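Read the structure below first, then the notes.
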Amino acid sequence: MQKRTPLRISWLDLFLRAFQFVTAVVILIGLYNTFTAARYTSNQWATLVFAGLAQGSIYALIALGYTLVYGILLMINFAHGEVYMAGALSTVFLANYFARSGFLAESPFIAIVLMILFSAAISTVVALLLERIAYRPLRNAPRLIPLITAIGASFALQYTFRGFYGSEFRSYPTVEALRGIWNIFGFEVPIVQPVVFLSAVVLMLALYWYVERTKAGKAMRAVSENKDVARLMGIDIDKVIVTTFALGGALAGAAGVFNGLFRPQGVFFLMGFFPGIKAFTAAVLGGIGNIPGAMFGGLLLGLIESLGPNIILEGLGIPGTNQLKDGIAFTVLVLILIFRPQGIFGERLSETKA
Amino acid sequence: MQKFQFKSIVRHGLLGSVIALYFSVIGMVEAFGSRDLFGEYLNLGHLLLFGGIIWSGFAVTTGRRKAGWLTNLVSATLAGAVAGVLPLLLVLANRQIELREVFVNVNPNLMSILTFERADTAGLLLLLGVSAAGGLLGGLYNILHARIRKAIGMSVTVTLLMAIFADLVIQVLSNVASRETTKLFYVGDSMKPAVAVVLFAALAALFYARQTLADKRATEGTVSTETKKAQLRTRIFQFVGFGIVLLIAPWVLGSFLSQVLFEIGRFVLLGLGLNIVVGYAGLLDLGYVAFFAFGAYTMGVLTTTGPLNPAPGLFNFWTALPIVVLVGVFFGVILGFPVLRMRGDYLAIVTLGFGEIIRILALSDWLAPIMGGAQGVLKIPNPVLFGVEFNSPERMYYLVLFGSLLAAFISIRLRDSRLGRQWMAMREDEDVAEAMGINLVQTKLLAFAIGAGFSALGGAIFAARLVNIFPHSFNLLISINALSLIIVGGLGSIPGVIVGAFVLVGLPELLREFTEYRLLMYGILLIVMMLNRPEGFIPAEIFKRELRAGEENPAPAKAEA
């Protein structure tokens, strides 16, 4: 579809251009209306921005799992949202145990680190089981088949965990040390938001260091470049793939704990679906297969989701904008895949891969 | 001493053990335990619990005929005993700490099932003993002579099915004969043990005789040579018979089972539409429910007697139906347009996004004046044809039957048409197809549009049946359901869609204990199918060739494709 004779303008291109134009106009009108109406104070905007960044860093951590696996296997691990759920849901019991025993109040830092480690361990185990049972046997199958398996695995995991822990919501305990309010640049921000954001950034930097600076990371990059050549260089492909799934799982598990600390709504067995899709959106937004892209995409998506309803939809005069919040991520996903499937940073995704 | 392969015994035993433990901890054993199969001797929970254990006995002896029967039986027993270990540890652990606080389904009820209602050590020993016996059973089955094994396997399966689907059998029996006859065979919904034994023996004898006859005929080399005419005649007979069964089904089955048939029919309709998009054209569409929702909402809004109707009284079901299908086709094209350039996984996720966006919009206050928001569309009248109102499941069944037959007919004709071949060419390789002169834009859009039309038709019938529709009826699960059933049946295969709908939609309706674990089973089924039989139960010819190409004769398959 790329090279057509210049005389024939494809209807498809015309349609897509028109669609692109209309989308841009609609967004601009929304922005214009909101800013001229000056409906919110700068303090309110700041609240939204910080909440968006914290939420976005959680998306970024999950998105890294999609991107890592995609970089190596060129497949979308559709069940990755469930890996995140597994860690978050299992750790709630540990967290509540810590809270009951007073350990969480005494030394919150150690307790939270332990929780993160526990959650990461559970998520890693689930990710590895997934790889071993559902994906490894299908490595050379036609592309549709592992995708369908992943959908199946997603449901199997959701309802397995419902079978384990029941279907009710369970909340993480509130951590006293994270309850206060910080003053950042003159804006009042709940402590938990910058803490989640900074911890996530630390984890992301650690991952970046691992992939770019260690020998194992080098092997990963080599495999993602070319599997056959990497094998010839003596790299154990299976081991690299297992490491990749483990890393993605561990990050998702950590994200699960952050989510528990950050959002009081509680966790339950279906909690992985929306964050999974949104993190995938984030990965695509930054350019799938690209590690800094996933981090950036996650933060950006968090911001869009947090600001979007107020900044664009309200400007267009749509009522009940918060109901449409989940729709925003999907709209971003659809738009980015239509107009720039390689994402913001991605160059690598050619049409053969898409 | 190579007689016993201890490694294999432990491995298979532990695998069976993990399966047994898994089903226990997620609560399936307990949930199914409330359902007695043969009086109080066996319930569905036992079957689930010991299924994995029997399997380990079976697996450990597979392919080891040379080792001798005694060795095999002992290995199987050992494997069974090993398989009992994890459930045993679960019971022991639960006596020390209250596991229930975390694992909600590890409750006293499960414990009493696992230990056969004995709280002391005897219960534990019994669990281990029964596990070993289960393993022995699996091994025993495996070392039998092939002919006997087949007969026993078949008759056990049939007897179990008769017990598991007791509801169905009872319903049919009491509609055909009388309520009293069913009491001869069943108490409540469990089969009388004596009846089970007699049934099993009779079936075993029957299957054995049939097998012997078939073997004899095979050795004599007299293959029945039917003429083409005779084959055609049997085909026609089968066809007519099938048609009669379809027509009289609701009156034999009664109201509840007609409702089940209606559900199956609805998903056959959806599956046939999705089959065109996924099976023929190879476009994995996870937002298929969107078109179903469009159909239901269009039908609802146009015919409702409530305040949402823009033109009250103008449309009835039949006049609205063409509009509904056109709306479906229109949105098929509209949503198809942006995704024309995507392939595989990306297409799947974007269409999933579309489906969710539609649901979120239907639920929102923004579109509430048109689509009713969270309240949904109420008071949709039932269709009326020649003064007969389609107000009962039995009558709605005919509507959905007609819709499905129409869809099946169109699917078959399309498959064998030029367009169908274009779809399949596109599915195999888009670039090559385009090089061959296929207009990809048109071909893809037609696939989306026709699939959406079927789905909208299904939605319209659904709305007319339910009377009230709500946004939450149109969630991702419908797409997943439809996708699972066409995959389990066989992508691109029309009989596959029907079988898939019966297995995935019909069976769970009949097994009430199953409802809670339905999606779990779907998930596991999808994985197992993809790992072992990606072409489905009733594969389409072309897929069989494609997927099995590498295994048997790669060269000719490649030439054909």
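The values are calculated or read from the model by the stated rules, or taken from the named source; none is laboratory data. What you see is a predicted model, and the numbers here were worked out from it, not measured in a lab. Every residue, glycine as well, gets a Cβ built from its backbone with ideal geometry; the counts of neighbours run over all protein chains shown. Protein only, heavy atoms only, side chains kept; ligands, DNA and RNA dropped before computing areas. Shrake-Rupley method; radii C 1.70, N 1.55, O 1.52, S 1.80 Å.
Check every DSSP H run in chain A and write down those whose alpha carbon atoms cover 24 angstrom or more along the long axis and whose mean Kyte-Doolittle hydropathy is 1.6 or greater. Let's see the in-between values first.
Details: long enough: A:11-37 (39 Å, 1.39); A:42-73 (44 Å, 1.14); A:80-101 (32 Å, 0.47); A:108-130 (32 Å, 2.63); A:144-165 (32 Å, 1.07); A:192-213 (31 Å, 1.42); A:237-262 (37 Å, 1.39); A:291-308 (25 Å, 1.48).
Length and hydropathy pass: A:108-130.
Grab chain A and count how many Lys pairs have their alpha-carbon atoms under 28 Å apart, sequence gap of 8 or more, or different chains.
Eligible lysine pairs with Cα atoms under 28 Å apart amount to 12.
Sort A:29-37, B:484-492 by packing, meaning the average of other beta carbons within 10 Å per residue, with the highest value first.
Packing proxy ranking, top to bottom: B:484-492, A:29-37.
Treating the Cα atoms of region B:99-182 as identical point scatterers in vacuum, please give the log10 of the normalised Debye intensity I(q)/I(0) at q = 0.16, 0.17, 0.22, 0.23 Å⁻¹, two decimals.
-0.92, -0.92, -0.97, -0.99
Could you work out what % of the accessible surface of the protein assembly as shown is carbon and sulfur, using a 1.4 angstrom probe and leaving DNA, RNA and ligands out of the count?
On the way: 28160 of 41970 Å².
Answer for the protein assembly as shown: carbon and sulfur cover 67 percent of the accessible area.
Which residues does a label at residue A:182 reach in region A:222-261, if reach means a backbone N under 17 Å from a point 7 Å past the Cα toward the Cβ?
What the label zone holds, given the 17 Å backbone N cut-off, is A:258-259, A:261.
Identify the GluC sites (Glu not before Pro) of region B:34-122 meeting these criteria: DSSP loop state and at most 11 other C-beta atoms within 10 Å of the C-beta. Can you show the working numbers first?
Numbers: sites: B:40, B:98, B:101, B:117; in loops: B:40, B:98, B:117.
Sites meeting the loop and neighbour criteria: B:40, B:98, B:117.
Provide the buried accessible surface between chains A and B in square angstrom, both chains summed, 1.4 Å probe, rounded to the nearest 100. Walk me through the numbers before you get to the answer.
Numbers: alone 18220 and 28850 Å², together 41970 Å².
The contact between B and A buries close to 5100 Å².
Sorted by packing (mean other beta-carbon atoms within 10 Å per residue), highest first, where do A:272-282, B:447-457, B:514-524 land?
Values: A:272-282: 26.4, B:447-457: 28.2, B:514-524: 19.5.
Descending mean neighbour count gives B:447-457, A:272-282, B:514-524.
Once every DSSP H run of n ≥ 4 in chain B is given -39500 (n - 2.57) and the sum is divided by its residues, what mean residue ellipticity at 222 nm do you get, rounded to the nearest 500 deg cm²/dmol?
On the way: 26 runs with 394 residues, N = 561.
Calculated at 222 nm, the ellipticity per residue is -23000 deg cm²/dmol.
Over 26 Å between Cα atoms, which of B:7/B:66; B:192/B:216; B:66/B:150 qualify? Let's see the in-between values first.
Values: B:7/B:66 18 Å; B:192/B:216 36 Å; B:66/B:150 20 Å.
In this structure, B:192/B:216 exceed 26 Å between Cα atoms.
Just to verify a number: FRET efficiency for residue A:12 and residue A:216, C-beta to C-beta distance, R0 = 60 Å, to 0.05?
On the way: r = 44 Å, r/R0 = 0.73.
Plugging the Cβ-Cβ distance into 1/(1 + (r/R0)^6) gives 0.85.
In bins 10 Å wide, starting from 0, what share of all Cα pairs of region B:243-560 does each bin hold, as a percent?
Distribution as computed: 6, 26, 35, 23, 8, 2, 0 percent.
Please give the charge dipole size of chain B, origin at the Cα centre, charges +1 on K and R Cβ atoms and -1 on D and E Cβ atoms. Round to the nearest 20 debye. Write out the running numbers ahead of the final one.
Values: 43 positive and 35 negative charges, 321 e Å.
It works out to roughly 1540 debye.
Work out the mean other chain Cβ neighbour count within 10 Å for the residues of A:134-145 and drop it here as an integer.
Working: counts 5, 0, 0, 4, 4, 0, 1, 4, 6, 4, 12, 6.
Counting other chains' Cβ atoms within 10 Å and averaging over A:134-145 gives 4.
What percent of all Cα-Cα pairs in region B:146-220 falls into each 5 Å bin, going from 0 up to the bin containing the maximum distance?
3, 17, 20, 19, 14, 11, 8, 5, 3, 0
How much of the calculated P(r) for region A:5-112 lies past 16 Å, in percent of all Cα pairs? Write out the running numbers ahead of the final one.
Details: 4579 of 5778 pairs.
The share of Cα pairs beyond 16 Å in region A:5-112 comes to 79 percent.
Using a 7 Å offset from the Cα along the Cα-to-Cβ direction at both residue A:242 and residue A:33, what is the distance between the two label points in nm, to one decimal?
5.7 nm
Once you order the gyration tensor axes a ≥ b ≥ c over the Cα atoms, which shape class does region B:1-159 get: rounded for a/c under 1.5, otherwise prolate or oblate by comparing a/b with b/c?
Working: a/c = 2.42, a/b = 1.51, b/c = 1.61.
It comes out oblate by the Cα gyration axes.
Mind checking the mean number of beta-carbon atoms from other chains within 10 Å of the Cβ atoms in B:101-107? Don't jump to the answer; show the numbers that get you there.
Details: counts 3, 8, 5, 7, 5, 1, 0.
Mean partner-chain Cβ count within 10 Å for B:101-107: 4.
Aspartates and glutamates within cross-link reach of residue B:444: Cα-Cα under 18 Å, excluding same-chain residues under 8 positions apart?
A:13, A:351, B:285, B:345, B:416, B:428, B:429, B:430, B:431, B:434
When only DSSP loop residues count, what GluC sites (Glu not before Pro) in region B:137-246 have their Cβ near at most 16 other Cβ atoms within 10 Å?
Working: sites: B:180, B:220, B:226; in loops: B:226.
For GluC sites (Glu not before Pro) across region B:137-246 that sit outside H, G, I, E and B with at most 16 neighbouring Cβ atoms in 10 Å, the list reads B:226.
Please give the FRET efficiency for residue A:201 paired with residue A:174, using the beta carbon to beta carbon distance and R0 = 22 Å, rounded to the nearest 0.05.
Computed FRET efficiency for residue A:201 and residue A:174 comes out at 0.40.
In whole Å, what is the distance between the alpha-carbon centres of region A:132-155 and region B:249-284?
Region A:132-155 and region B:249-284 have Cα centres separated by 26 Å.
Taking the Cα centre of region B:398-532 as origin, sum charge times position over the Cβ atoms of Lys and Arg (+1) and Asp and Glu (-1), and report the length of that vector in debye to the nearest 20. Intermediate results must be reported in sequence, preceding the final value.
Details: 9 positive and 9 negative charges, 77 e Å.
So the dipole magnitude of region B:398-532 works out to roughly 360 debye.
Quick check on region B:407-508: take the gyration tensor over C-alpha atoms, sort the square-rooted eigenvalues as a ≥ b ≥ c, and tell me if it's rounded (a/c under 1.5), prolate or oblate.
Numbers: a/c = 2.27, a/b = 1.76, b/c = 1.29.
Prolate, because a/c is 1.5 or more and a/b exceeds b/c.
Counting only DSSP beta bridges with both residues in the protein assembly as shown, what percent are antiparallel, rounded to the nearest 5?
Numbers: 12 of 13 bridges.
DSSP beta bridges in the protein assembly as shown are roughly 90 percent antiparallel.
On C-alpha positions alone, give me the angle between the axis of helix B:44-61 and the longest principal axis of chain B, in degrees, nearest 10.
70 degrees
Only residues of region B:62-97 count here: report those whose backbone N is under 15 Å from the spot 7 Å along Cα→Cβ of residue B:118, or say none.
B:88
Within chain B, what percent of beta bridges assigned by DSSP are antiparallel, to the nearest 5?
Details: 7 of 8 bridges.
If we restrict to bridges inside chain B, about 90 percent are antiparallel.
Need one word for chain A: rounded, prolate or oblate. Basis is the Cα gyration tensor (sqrt eigenvalues a ≥ b ≥ c); a/c below 1.5 gives rounded, then a/b vs b/c decides.
On the way: a/c = 1.76, a/b = 1.04, b/c = 1.69.
Oblate, since a/c reaches 1.5 and b/c is not below a/b.
Any idea what angle helix B:69-83 forms with the longest principal axis of chain B, computed on alpha-carbon atoms, 0 to 90 degrees, nearest 10?
Around 60 degrees separate the two axes.
Hey, how many Å between the Cα centroid of region B:331-364 and the Cα centroid of region B:423-500?
For region B:331-364 versus region B:423-500, the Cα centre distance is 13 Å.
For B:330-342, what's the mean count of beta carbons from other chains sitting within 10 Å of each residue's beta carbon?
Values: counts 0, 0, 0, 0, 0, 1, 0, 6, 9, 3, 6, 8, 5.
Partner Cβ neighbours, averaged per residue: 3.
State the Kirkwood hydrodynamic radius of chain B in Å, one decimal place, computed from all pairs of distinct Cα atoms.
Details: mean 1/r = 0.0373 Å⁻¹.
So the Kirkwood estimate lands at 26.8 Å.
Keeping all protein chains in the complex and leaving out DNA, RNA and ligands, what accessible area do you get for residue A:45 with a 1.4 Å probe, in Å² to the nearest 10?
Result for residue A:45: roughly 50 Å² accessible.
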